[in-house]
Structure formats: C-alpha cells, structure tokens
1. By average Cβ neighbour count within 10 Å, what is the ranking of 10-16, 43-49 from highest down?
2. Helix 56-80 against the longest principal axis of the chain: what's the angle in degrees, Cα atoms only, rounded to the nearest 10?
3. How far is it, in nm, from the label point at L121 to the one at I108 when both lie 7 Å from their Cα along the line to the Cβ?
4. Extending each Cα 7 Å along its Cβ direction at Q40 and E75, get the distance between those two points in nm, one decimal.
5. Given Cα positions, please report Rg to Rh for the stretch 2-138, the hydrodynamic radius being the Kirkwood one.
6. Tell me, C99, C90 in order of fewest to most beta-carbon neighbours within 10 Å?
7. Are any of the pairs K63/K115; K9/K126; K63/K92 more than 19 Å apart by Cα-Cα distance, and if so, which?
8. Can you tell me the FRET efficiency between A128 and A67 if r is taken as the Cβ-Cβ distance and R0 is 35 Å, rounded to the nearest 0.05?
Amino acid sequence: EQAKIAAEKLGVAFQLANFIRDVGEDLDRGRVYLPVMELQSHGVTREMLENKVLTPEIKNALKDQIARVRKLQQEAAPGINLLNPVARECIKAASELYCGIVDEVEKIEYQIFDKRAKTSLYRRMKVAAPALVRAKLFK
C-alpha cells in the first residue's frame, strides 16, 4: 500500500514538473495544465500567462509549484525503497531526472516562456548509467 501511495505521489510530481516546463508550449495549444486555483492564489490569470511575460506573480506561482514537486518527490522516497531492487534503481533514476526538470527551470531563472528547461545529456548519463549498472547487479 505504501508503495502504491508513493507511486501516485511520484506520478503527480512527474506530471507537475512537465506542466511547469511546458507552460509556453501548452499555451500555444490553448491549454493551461498548472492548477488554476493555485495560480489564482498568486493573482495569476490566464491572460497573464498568455502575455508570456514573467511577472512576479507568475514567478511566485512557479516557485510554489516547484516546491510542491520536491515535496511530493520527498514523500514518495520511502515507498520507492520498498520496490524490488531492480525496479527501485530505475524509479530512483527517473525520479531524479524528471523532478530535476524543476532544477533546470530555476537555472533559466523561470524564463519558461522563452526557453525550454531540459536536463543535459551529461546529467542524464550521470544518473541513468550508474542506476542501470546497479539494477543489473540486482538481477
């Protein structure tokens, strides 16, 4: 049961990280996936997002959503440790990389309308390769 709850939390964290990264692209398609009520609590309207200008309100809303991603990731960690060792290593790597998207959003100073936050190939290899080796050792 704890592993299932962790999986759900991690799934939400992954989705939210993607929503944060893809705000600009989603707006181009006429969509907003970030939680509307949480945006509104910061005074962010759809029109503000459509203007694609990083305002203090939007930046604060993004900071809160990033904190939420990290909190969900942290809450999921104990459940991940319950998985079989092979799966655990793969899920830990996925968690670090997916949730790491928000680190990249911070690195580009929240400029999500002009830039795409992405994890570098170097970081992906640095995380995934050792996880793959550890997973193979557990087989």
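1. Descending packing order for the listed peptides: 10-16, 43-49.
2. Tilt relative to the chain: about 20 degrees.
3. In this crude spin-label approximation the distance works out to 1.8 nm.
4. With each label placed 7 Å out from Cα toward Cβ, I get 2.2 nm.
5. My calculation puts Rg/Rh at 1.03.
6. Values: C99 21, C90 16.
Sorted ascending by nearby Cβ count, the order is C90, C99.
7. K9/K126; K63/K92, as the Cα separations exceed 19 Å there.
8. Values: r = 26 Å, r/R0 = 0.73.
E(calc), rounded to 0.05, equals 0.85.
All of the numbers you see were taken from the coordinates with simple rules; none came from a lab. Source: prediction; values computed, not measured. As a convention, Cβ positions derive from the backbone with ideal geometry for all residues, glycine included, and neighbour counts pool all protein chains shown.
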